[in-house]
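Participant: Here it is: the structure, laid out below.
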Amino acid sequence: MAKLTINGRVHEVQVDPETPLLWVIREQIGLTGTKYGCGIAQCGACTVHVDGVATRSCSMPVSAVTEAQRITTIEGLSPDGSHPVQKAWVALDVPQCGYCQSGMIMAAAALLAETPKPSVADIRAGITNICRCGTYNRVQAAIQQAAGISAAG
Amino acid sequence: MNAIAPLSRRGFFSVSAAAGAFTLGIRAPLAQTASLPGATFGGVPEINAWVVVKPDDSVVIRIARSEMGQGTLTGLAQLVAEELDCDWAKVTTEYPTPGQNLARNRVWGDFSTGGSRGIRESNEYVRKGGAAARMMLVQAAADAWGVAAAECRAAKSVVTHTASGRTATYGSLAVAAAKLTPPATIALKDPKDWTIAGKPLPRLDTVDKTTGKQVYGADLKLPGMLNASIRDCPVFGGKLKGFDEAAAMARPGVRKVVRVGESAVAVVAETWWQANTALDALKIEWDAGSNQAVSQATIDATLKEGLGAAEAFVGNKAGDARAALPKAAKTVEATYTFPFQNHATMEPMNATAVWNADRCEVWCPTQNGEASLAAAAEAAGLRPAQCEVHKTLLGGGFGRRGWQDFVRQAVAIAKEMPGTPVKLLWSREEDMLHGRYHPITACKLTAGLDPQGNLDSLHMRISGQSIIAGIAPQMLQGGADSRVFQGLNPGGAEGAFGYAVPNLLIDHAMRNPHVPPGFWRGVNVNQNAVYMECFIDEVAQAAGKDPLDFRRALLKGSPKHLAVLNAVAEKGGWGKPAPAGRHRGLAQIMGYGSYVAACAEVTVSPAGEVTIHKITAATDCGHAVNPQQIAAQIEGSFAYGLTAMLYGECTVKDGAMEQANFDTYPIMRLAEMPAVESIVMPSGGFWGGVGEPTIAVAAPAVLNAIFAATGKRVRQLPLKHADLRRA
Ligand code: FES
Ligand code: FES
């Protein structure tokens, strides 16, 4: 049995300790905003925050997380889509198919928490998620907008 | 919007199945079924198949094509709303189901979503649907007021009687309008009068994609649902010999191990993770068959043989290239290759099915709902009328989800567990090993210049795979696949070859390996643009001419091709000094009804590392329905096309694909993405697609810039094989 603190609530789950956190979040907890893309820490579709740090949940066994660690998923980033990153995403119409976007937004929110005024180079080095639809330029612009810096900067 | 119909939601199906009276017979195949009761939507009668107006004035616009990120849902809704003259803020959308379309004599026309056809091929009848609904709403108001319809006007969901100033909202008129006879003649607005279409409106489907609420096929949950993971024989054409299920069955949560068709086995468990790990534990024996002898080297050798073969299908011909080439003052020759690519949609293939002896329902992300319905019925052993398909949003399509292999598999598995919904989700590995791959081709080009350095003769020999031969051989014409020549045709919407060459021969030696081909976003324009646009640069160089000037001279008779080329040259700074160390390259092509061009700006470091700084891209798509979404498609097209150019390659070993995940099939990331400046320049008078054509100019524009930087021609894709270090 594992005890997990997800989006501020404690959940007890009966699950093989080897199960990746991603699949516990999706299948036991039932939060499907966090996506499966590769299962090998390559794409970032499964990105959640563990104590505020962007983490690829497909490659973290549930047994590696303790109850004391705070896990945040896209559903818990804000109660109503009002996180500055989410607002910037809507304002710039970033998503295409949208499948990668939960992971992108979680990666972006963690980046800004660590570096509130990132340079373009910080953003380009910090966001390593795959978007097959190619929303990268709007992702970059939306992170700048969320950080309150003009696209030219 | 985009709701997932729960299992119990059969009422809508049965109501709609009996409907049709107010359906407009706008265009074959949109046949009209007379004397049936009107279709309703939650108790509200539809005005026609495309439009429902609720009493609170909200408008539901029906969208037949699939949304997979390309923005067609918003674009089609804009077109209907434009003609409807409704309040855009009140618009929501809904997908009719393939079963409803079947029951209503295909009132919504074609569901198939591919070839950048969503808007270019359905714009007329969806606009007529909106216009007819507006005319009926106006007529209903006029009838109520006892005035002539011509004295009334409609705007923002309100009908006004001009003389008296009386008004009525669409919501108050909808019931009466639904009872009227649809108008016989419908006039459409001139696009220059558009106020909703043609505007850079925000997408209708963005918010839920930022909160995790958006449900994809992979996220579907149904009561009592089980989960399945599958493994198909890795060698294409191989079979499943047998399996020892003991180890898999002993694992937690596992319910069943199922043979699927002749070549696959699936594990069904409570959760997908359990199913997938049990599948790893399953001992499987394959009968790989003769294809296991095929390697990349044998495929490459076959293509190479085709480059010099005597027999080939002719796609475009002028003068006599074979006779002219030996007489040329100077000849240029080069051979290019373009490898297999996987679509690699971010959401792996999946489908959820529930089978009963008299009914089968499927939920899936599909680019062709009607084909999904047909596949479901076939696999279920039922009639199509006993089946239904509910489309979910697609986590990417790019052509892959026009195939229905995953639907057939899901139904076959569900059939083994009657009454229980089963969701089949492919692992990324399964998705990579069982794609429908971008066809593999090679191309040998020979050009002859006259003494003044003009291009006098050109032979372009394409050797390689035909998609049509692989998927629908009955559509070949005398054995030939005309689609191989996309972008190189003498004329037509699928890509007219813009250059005037007095002696021209473009032909195709068909060589089909055992790898299943598919329509991969951009399809055959992709490699044809690389071949033609890189080679034309080589010819310009041999002629001692500037690549822009050389192209301009050849495009004199192709003003639309020329216009996009000129636009990128001007905005991209062609002929002006580039920032230190940067070099530029050009490319242009026509495809999917649109004219596109690109000017790329790159640096190549002494160590051979390429940085693509910026691409200026122009598109003339005739009419632009949503310019900001066209810009998004252009940007996305560069990411897709440049990924293929930089990394994209699937190779065959022992009859199977070698690349099974993103570690061996890398995808371009943000750090590598160039700035993109889009020039959307619709010239009017035609409808071109926007989701695909730009992909084709991505690689050649960059490769030509790399040549400008290094003096090296890269003729074998992907670029990762090239050594660009300075000697
Ligand atoms: S699913 Fe975790 S990184 Fe791809
Ligand atoms: S929006 Fe489709 S994969 Fe990123």
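Every read-out reported here was derived from the displayed coordinates using simple, explicitly stated rules and does not represent laboratory data. Only a predicted model underlies this, so the values are computations on that prediction, with no experimental measurement involved. Don't worry about glycine lacking a Cβ; one is built from the backbone with ideal geometry, like all the others, and counts go over all protein chains shown.
Participant: Report whether or not B:F686 is more than 26 Å from B:D537 (Cβ to Cβ) and within 21 Å of the chain's Cα centre (by Cα).
Facilitator: Yes, satisfied.
Participant: Restricting the search to segment A:39-69, which residues are closer than 22 Å to B:A218 by Cβ and either out of contact with any strand residue (DSSP E or B) (no Cβ under 9 Å at 6 or more places or on another chain) or of a type in the set (A, V, I, L, M) (or both)?
Facilitator: A:I40, A:A41, A:A45, A:V48, A:A54, A:M60, A:V62
Participant: Are there any strands (runs of 3 or more DSSP E) wholly within segment B:202-281 with 1 or more residues that are of a type in the set (S, T, Y) and buried (at least 18 other Cβ atoms within 10 Å of the Cβ), and if so which?
Facilitator: Once the strands (runs of 3 or more DSSP E) in segment B:202-281 are filtered for at least 1 residues that are of a type in the set (S, T, Y) and buried (at least 18 other Cβ atoms within 10 Å of the Cβ), what remains is B:226-232.
Participant: I need the full set of residues from segment B:336-352 which are away from every other protein chain (no Cβ under 12 Å) and in contact with a Cys (Cβ under 6 Å, 6 or more places away or on another chain), in order please.
Facilitator: B:Y336, B:F340, B:A351, listed by residue number.
Participant: For segment A:124-138, how many residues are closer than 17 Å to B:G396 by Cα and more than 16 Å from ligand 1 (Cβ to nearest atom)?
Facilitator: Qualifying residue count for the region: 3.
Participant: Just the residues that are closer than 19 Å to B:K415 by Cβ, away from every other protein chain (no Cβ under 14 Å) and not β-branched (V, I, T), please, taken from segment B:212-246.
Facilitator: B:G224, B:R231, B:D232, B:L240, B:F243, B:E245
Participant: Sticking with this one: Show the residue pairs that are 6+ apart or on different chains and have beta-carbon atoms under 6 Å apart, the first residue being within segment A:130-148 and under 20 Å from A:H83 (Cβ atoms) and touching a residue at least 12 places away in the same chain (Cβ under 8 Å), the second being within 16 Å of ligand 1 (Cβ to nearest atom) and not acidic (D, E).
Facilitator: A:C131/A:C100; A:V139/A:M104; A:I143/A:A108
Participant: Being part of a helix (DSSP H, G or I), more than 10 Å from chain B (Cβ to nearest Cβ) and within 16 Å of ligand 1 (Cβ to nearest atom): is that true of A:A141 here?
Facilitator: Taking the combined requirement at face value, the residue does not satisfy it.
Participant: Here is a follow-up. Can you report the number of residues in segment A:66-101 which are touching a Leu at 6+ places or on another chain (Cβ under 9 Å) and within 15 Å of ligand 1 (Cβ to nearest atom)?
Facilitator: Residues meeting the conditions: 4.
Participant: Sticking with this structure for a sec: How many residues does segment B:72-121 contain that are within 27 Å of B:A376 (Cα to Cα) and small (G, A, S)?
Facilitator: Total meeting the criteria: 8.
Participant: Of everything in segment B:372-409, what is under 30 Å from B:Q633 (Cβ atoms) and either acidic (D, E) or more than 14 Å from chain A (Cβ to nearest Cβ) (or both)? Give them in sequence order.
Facilitator: B:S372, B:L373, B:A374, B:A375, B:V389, B:H390, B:G402, B:W403, B:Q404, B:D405, B:F406, B:V407
Participant: Given the conditions (1) outside any helix (DSSP H, G or I); (2) out of contact with any Asp or Glu (no Cβ under 7 Å at 6 or more places or on another chain), report the number of the one that B:V702 does not fulfil.
Facilitator: (1)
Participant: Within segment A:101-134, which residues are more than 7 Å from chain B (Cβ to nearest Cβ) and not hydrophobic (A, V, I, L, M, F, W, C)?
Facilitator: Scanning segment A:101-134 gives A:G103, A:E114, A:T115, A:P116, A:K117, A:P118, A:S119, A:D122, A:G126, A:N129.
Participant: With B:M417, B:M432 as the choices, which residue is out of contact with any strand residue (DSSP E or B) (no Cβ under 6 Å at 6 or more places or on another chain), hydrophobic (A, V, I, L, M, F, W, C) and surrounded by fewer than 23 Cβ atoms within 10 Å (Cβ to Cβ)?
Facilitator: Going through B:M417, B:M432 in turn, just one is out of contact with any strand residue (DSSP E or B) (no Cβ under 6 Å at 6 or more places or on another chain), hydrophobic (A, V, I, L, M, F, W, C) and surrounded by fewer than 23 Cβ atoms within 10 Å (Cβ to Cβ): B:M417.
Participant: For segment B:209-223, how many residues meet the condition of being touching a residue at least 12 places away in the same chain (Cβ under 8 Å) and more than 23 Å from B:G369 (Cα to Cα)?
Facilitator: Number of matching residues: 1.
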